[in-house]
1. For n ≥ 4 DSSP H runs only, could you compute -39500 (n - 2.57) per run for the chain, divide by its residues and tell me the 222 nm figure to the nearest 500?
2. Among 110, 40, 22, whose mean-square fluctuation peaks in a Gaussian network model of the chain (Cα, cutoff 10 Å)?
3. What ranking of 57, 35 comes out by heavy-atom accessible area, probe 1.4 Å, highest first?
4. Please compute the length gained on full extension between residue 114 and residue 7, using 0.36 nm multiplied by the number of residues separating them and subtracting their Cα-Cα distance.
5. So how do 111, 34 rank on accessible area, 1.4 Å probe, biggest first, that is with the largest at the start?
6. Just the accessible area per residue of the chain, please: how many Å² with a 1.4 Å probe?
7. Hey, rough spin-label estimate for residue 62 and residue 85, points 7 angstrom out along Cα→Cβ, what's it come to in nanometres?
8. Can you find, among 57, 103, 14, the residue sitting farthest towards the positive end of the charge dipole of the chain, where Lys and Arg contribute +1 and Asp and Glu -1 at Cβ?
Amino acid sequence: MGDGRPWDSGVIAARVDSALGGFPPEHPEARRWFIASLGGEPAGLVVSSRHEGAVEIGYWVAPEHWGRGLAGRMVAMAIPVVWDAYGPVSLSARVEPGNLASVRILARHGFRADGVTPEGLAVYRLDHHSPARS
Ligand SMILES: CC(C)(COP(=O)(O)OP(=O)(O)OC[C@H]1O[C@@H](n2cnc3c(N)ncnc32)[C@H](O)[C@@H]1OP(=O)(O)O)[C@@H](O)C(=O)NCCC(=O)NCCS
């Protein structure tokens, strides 16, 4: 993740603890995770985390399912669910600029480029609007 390497077990445990912490949506450490399943098997994950001024989303698809439109569908479904969970907040995402599939997904869903982190990740942002649900 991020630097292209898997998280170690300590980072995974901390992330899962945080996701399952049950903080209410208005809490500064609120997290909500969403699992995408195909044929009853988990195939992808969307995470959302409250940050200063926005809720950040991230998403992962199991490599055997890449290239079939799953991530695009996950993000399309997650956006209104995240707004239902947190209220009318802006959404943000940080992406390696070379991750063209991810950049494409964000652009298709109306995210706009909003700067670069000190680590060189491109920041994208989507202000709250009332989406036509599909
Ligand atoms: C990035 C990732 C989520 C994409 O998942 P996916 O299910 O294969 O993506 P999709 O099939 O929905 O494709 C998304 C879009 O990118 C396009 N795309 C795919 N590969 C591409 C490439 N190499 N260059 C340009 N566009 C590409 C697809 O055509 C699609 O566009 P479309 O909807 O206009 O047709 C997946 O590769 C992944 O989990 N990577 C590791 C984690 C990660 O990078 N997460 C994002 C961090 S924010």
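1. The per-residue figure over the chain is -8500 deg cm²/dmol.
2. 40
3. Order by accessible area, largest first: 35, 57.
4. 35.9 nm
5. On the way: 111 5, 34 55 Å².
Final ranking, largest accessible area leading: 34, 111.
6. Using a 1.4 Å probe on heavy atoms only, each residue of the chain averages 63 Å².
7. 2.1 nm
8. Farthest towards the positive pole: 103.
The values are calculated or read from the model by the stated rules, or taken from the named source; none is laboratory data. Here the structure is a predicted model, which means the values were calculated and not measured. FYI the Cβ positions are ideal-geometry reconstructions off the backbone, even for glycines, and counts take in every protein chain you see. Side chains included, ligands, DNA and RNA excluded: accessible areas come from the protein's heavy atoms. Shrake-Rupley method; radii C 1.70, N 1.55, O 1.52, S 1.80 Å.
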